[in-house]
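Written out below as structure tokens is the structure these notes cover.
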Amino acid sequence: MDAKTDLLPERKAKARAWFESLRDDICAAFEKLEDQLPDGTPTSDQTAGRFVRTPWNRAEHAGTDPTADLGGGVMSIMHGRVFEKVGVHTSTVYGEFAPEFRKQIPGAEEDPRFWASGISLIAHMHNPHVPAVHMNTRMVVTSKWWFGGGADLTPVLMRRRTQTDADTLAFHAAMYGACEKHAIADYKRFKEWCDEYFYLPHRKEARGIGGIFYDYLTPSDDEGGWDAALAFTQDVGRAFLQVYPMIVRGNWTTPWTEADRDEQLIRRGRYVEYNLLYDRGTTFGLKTGGNVESILSSMPPLVKWP
């Protein structure tokens with residue numbers, strides 16, 4: 001645990017406030033995209049979407065007092081004419097890890113109590129030319145504290161799944177920019193970590209074109225400590241908020257065919273496979289009594305396995 005334990009409540013509150021503020025900014029930007037979709041596109045005759053926010057309280061699990069306050073979150077879901085389905089969720093949860101889960105989490109064997117706050121986002125688009133996207137950042141406290149998260153892009157058309165595609169270049173540039181300003185952020189390592197993490201071994205393929213992924217980020221006092229970790233995490237969120245709407249606008253009038261839609265639905269199947277088989281966030285949420293609807297809202301609205 002950070003030696004300055006008296007600052008921990010203030011730091012928790014500051015991190016939570018940031019994640020919730022970022023959620024509000026992203027939701028506003030995505031609703032603006034819904035309003036601005038140009039006329040003449042295949043879905044422009046539909047009603048512009050708006051987020052529906054649903055608060056939830058964390059369910060009790062084995063070994064906890066059923067009357068205890070275990071935290072919760074807000075699930076924000078939108079079905080629109082640009083976004084076929086998008087979730088932008090925040091949560092702040094706390095309690096104790098179940099015994100079988102403690103060895104997997106740094107600091108939890110010494111003390112099973114934990115606190116975690118973060119934002120998680122996944123967007124599935126109507127137009128197959130607009131890539132799906134994921135972004136998640138969080139702060140976790142056990143007997144230690146750390147930040148983690150990242151963002152990655154998943155083009156659903158094979159011809160767009162290249163490292164030379166304009167969307168790929170723009171997304172990587174944004175994530176590089178978020179890292180480049182911070183001495184604690186190793187862009188090369190975080191990019192490679194993302195490629196390794198978002199990989200489907202049974203398919204022998206990457207989920208998308210990558211991005212960045214980092215975890216257990218706990219800078220020393222000489223490196224700036226907690227303030228440095230939060231500042232970097234904030235810039236990851238800001239970079240995402242700047243680049244993804246730009247990518248959407250760059251593709252939303254591009255015509256698509258039934259074959260493109262078919263390819264999109266098949267690629268979404270890979271997304272489902274990854275999230276259910278390998279994603280640590282899904283496992284963490286389900287094993288700590290998280291809200292099932294929120295956790296599984298990353299699932300696409302329509303999917304196909306040929």
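Listing for the model above:
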| quantity | calculated |
| --- | --- |
| Residue that is modelled with the lowest pLDDT, among those in segment 55-83 that are under 18 Å from the mean Cα position of the chain (by Cα) and closer than 14 Å to Gly290 by Cβ | Gly72 |
| Pairs where the first residue, in segment 21-38, is buried (at least 19 other Cβ atoms within 10 Å of the Cβ) and the second is of a type in the set (Gly, Ala, Ser) and assigned to a helix (DSSP H, G or I), C-beta under 7 Å, 6+ apart | Leu22/Gly237 |
| Subset of segment 104-137 (residues that are modelled with pLDDT under 95, buried (at least 18 other Cβ atoms within 10 Å of the Cβ) and not hydrophobic (A, V, I, L, M, F, W, C)) | Gly107, Pro112 |
| Among the candidates Arg203, Arg189, residue that is among the charged types (D, E, K, R) and more than 19 Å from Ala239 (Cβ to Cβ) | Arg203 |
| Matching residues in segment 288-306 - criterion: being in contact with a His (Cβ under 8 Å, 6 or more places away or on another chain) and part of a helix (DSSP H, G or I) | Ser294, Ser297, Ser298 |
| Criterion (out of contact with any helix residue (DSSP H, G or I) (no Cβ under 8 Å at 6 or more places or on another chain), free of Cβ contacts under 8 Å to residues at least 40 places away in the same chain, within 22 Å of His134 (Cβ to Cβ) and open to solvent by 30 Å² or more (accessible area, probe 1.4 Å)) met by exactly one of Arg16, Arg53 | Arg53 |
| Selection within segment 196-253 - among the aromatic types (Phe, Trp, Tyr) and at positive phi | Tyr216 |
| Residue pairs meeting the criteria (Cβ under 8 Å; at least 6 apart or on separate chains; first under 16 Å from Val272 (Cβ atoms) and outside any loop (DSSP other than H, G, I, E, B), in segment 182-210; second hydrophobic (A, V, I, L, M, F, W, C) and open to solvent by 80 Å² or more (accessible area, probe 1.4 Å)) | Leu200/Leu277 |
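The values are calculated or read from the model by the stated rules, or taken from the named source; none is laboratory data. Computed from a prediction, not measured in an experiment: that's the story for all the values here. Positions of Cβ are generated from backbone atoms using ideal geometry, with glycine treated the same way; all protein chains shown enter the neighbour counts. Side chains are part of the model used for accessible areas, which takes the heavy atoms of the whole protein and leaves out ligands, DNA and RNA. Shrake-Rupley method; radii C 1.70, N 1.55, O 1.52, S 1.80 Å.
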